[in-house]
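**Student:** The following block contains the structure, expressed as structure tokens.
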Amino acid sequence: VVKNVQTPLTPAVLHILLALAREERHGYGIMKQVESDSRGKVRMGPGTLYGSLGRMLEAGLIHESEKRVDPELDDERRIYYGISALGRTTLAAELERYSDVLAVAGRSSRARSAFAHGS
Amino acid sequence: MAADSFLQRSRALYARLLRLYPTQFRERFGEGMEQTFADSCRRRRTEGVGLFGFVLWVFAETIVAILREHATRSRRQVMRDDTVRFLKTVKYSAIAVGVLMVAGILTVMFLARGKTGDDGDIAGVVAPALLLTCVSGVVAVVAAVRQKRAQRRVVHP
């Protein structure tokens, strides 16, 4: 049982945690990763992104890293964000919750189809 | 050329829009938001995707986010004020109870002065009153400390 974890997470927070699970990213990097992970289905603007980042920093789910330059972009220095230990635990708990929901949905669906075939 | 000018104007306008955020939020994330906006616009321009609709969407989304930040800030302020008010009430109530208990003990001691035997035995009354006085003192101190902490707590934007 995971303690001190508040789930369910909002979709924005879940996507940001997923984007940061692999590596530290700056704001625009997170935005791009979320878009790519969701195959363009989730579009996050700077308002939602930074509002969520603020709340996640406050909750200790992520941390700020030092400012550095992204070699793929211009020479502007950017703040990078990384996932914290609590963030990883929270993400794991949320993914477990999703898998439980899917299992229940799968069982209901099988039960429904068995009932439909039986009747 | 026209796209460059539109991009520059949009970026300047977006920087102005960000001024509507609460100060602490703007100081912490304003620069990052401007960079993110500029990066997104640059990518769309490179990919040859229309900029106007995107800029409009970002502006609308940011306005909603600004309203949300202000609402969150106000809600937290109200919660903090309520907490401070509650702790003040607890503190003054505990002090009042303590003062009443001390006054009661002194009165009982004064009335029992010079009496002997069962009439002079006031321990059964004074002991619980003393205990209550001590408890009230502890509660008052704890409430005062927590009230100070709640007042000092920074309200996040």
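None of the figures in this text is laboratory data; all of them are computed from the coordinates on show. Given the structure is predicted, the values throughout are model-derived calculations rather than measurements. A quick note on method: Cβ atoms are made from the backbone with ideal geometry, for glycine too, and the neighbour counts reach across all protein chains shown.
**Student:** Just the Cα atoms of chain A: what Rg and Dmax do they give in Å?
**Tutor:** My reading of the Cα-based Rg and Dmax gives 18.1, 68 Å.
**Student:** How about residue B:88: which lysines have a C-alpha closer than 18 Å to its C-alpha, ignoring those fewer than 8 places off in the same chain?
**Tutor:** Output for residue B:88: B:148.
**Student:** Let me ask you something else. Under a GNM of chain B (C-alpha, springs under 10 Å), which listed residue has the highest mean-square fluctuation: B:69, B:47, B:34?
**Tutor:** Looking only at B:69, B:47, B:34, the largest GNM fluctuation is found for B:47.
**Student:** Run a plain Debye calculation on the stretch A:52-114 (Cα atoms as equal point scatterers, no solvent) and give log10 I(q)/I(0) at q = 0.18, 0.19 Å⁻¹, rounded to two decimals, same order as the q list.
**Tutor:** These q points yield log10 I(q)/I(0) values of -0.76, -0.79.
**Student:** Cut-off under 25 Å on the C-alpha distance; same-chain residues fewer than 8 positions from residue A:41 excluded. Which lysines are left, in chain and number order?
**Tutor:** Straight-distance partners of residue A:41: A:32.
**Student:** Are there any trypsin sites (Lys or Arg not before Pro) in the stretch B:15-95 that are in a DSSP loop and have at most 14 other Cβ atoms within 10 Å? List them by number. Each step should come with its number before you reach the end.
**Tutor:** On the way: sites: B:16, B:19, B:26, B:28, B:42, B:43, B:44, B:45, B:68, B:73, B:75, B:76, B:80, B:85, B:88, B:91; in loops: B:19.
The qualifying sites are B:19.
**Student:** From Cα pairs below 8 angstrom and at least 6 apart in sequence, can you work out the relative contact order of the stretch B:12-157, rounded to a whole percent? Let's see the in-between values first.
**Tutor:** Values: 92 pairs, mean separation 46.6, N = 146.
This gives 32 percent for the stretch B:12-157.
**Student:** Can you give the FRET efficiency to the nearest 0.05 for residue A:22 and residue A:68, using r as the Cβ-Cβ distance and R₀ = 22 Å? Provide the component values of the computation, followed by the final result.
**Tutor:** Values: r = 17 Å, r/R0 = 0.79.
So the FRET efficiency works out to roughly 0.80.
**Student:** Bin width 10 Å, origin at 0, all Cα-Cα pairs of the protein assembly as shown: what percent of pairs per bin?
**Tutor:** 6, 19, 21, 16, 12, 10, 7, 5, 3, 1, 0
**Student:** If you don't mind, another one. Please find the FRET efficiency linking residue B:75 to residue B:19, where r is the Cβ-Cβ separation and R0 is fixed at 25 Å, and quote it to the nearest 0.05.
**Tutor:** Working: r = 22 Å, r/R0 = 0.88.
Result of the calculation: an efficiency of 0.70.
**Student:** Work out Dmax and Rg for chain B from the C-alpha atoms and quote the Rg first, both in angstrom.
**Tutor:** Rg, Dmax (Cα atoms, Å): 31.5, 106.
**Student:** Right, something else. Return the single residue from B:140, B:112, B:94 with maximal mean-square fluctuation; model: Gaussian network over chain B, springs between Cα atoms under 10 Å.
**Tutor:** B:112
**Student:** For the stretch A:23-91, which trypsin sites (Lys or Arg not before Pro) are in a loop by DSSP, counting at most 16 other Cβ atoms within 10 Å? Don't jump to the answer; show the numbers that get you there.
**Tutor:** On the way: sites: A:25, A:32, A:39, A:41, A:43, A:55, A:67, A:68, A:77, A:78, A:88; in loops: A:39, A:41, A:43.
For trypsin sites (Lys or Arg not before Pro) across the stretch A:23-91 that sit outside H, G, I, E and B with at most 16 neighbouring Cβ atoms in 10 Å, the list reads A:39, A:41, A:43.
**Student:** Let me ask another. Which of A:92, A:21, A:105 moves most in a GNM of chain A, Cα contacts under 10 Å?
**Tutor:** Largest GNM mean-square fluctuation: A:105.
**Student:** If exposed means no more than 13 neighbouring beta carbons inside 10 Å and the site is in a DSSP loop, what's the longest run of chain A without any exposed GluC sites (Glu not before Pro)?
**Tutor:** Values: sites that count: A:23, A:72.
Counting only loop sites that pass the neighbour cut-off, the longest clear stretch is A:24-71.
**Student:** Which value at 222 nm does chain B reach when only helices count, each DSSP H run of 4 or more adding -39,500 (n - 2.57), with the total divided by all residues and rounded to the nearest 500 deg cm²/dmol? The partial results should precede the final answer.
**Tutor:** Working: 4 runs with 132 residues, N = 157.
Per the formula, -30500 deg cm²/dmol.
**Student:** Here's something else I'd like to know. How far apart, in nm, are the 7 Å Cα→Cβ label points at residue B:152 and residue B:106?
**Tutor:** Modelled inter-label distance: 3.4 nm.
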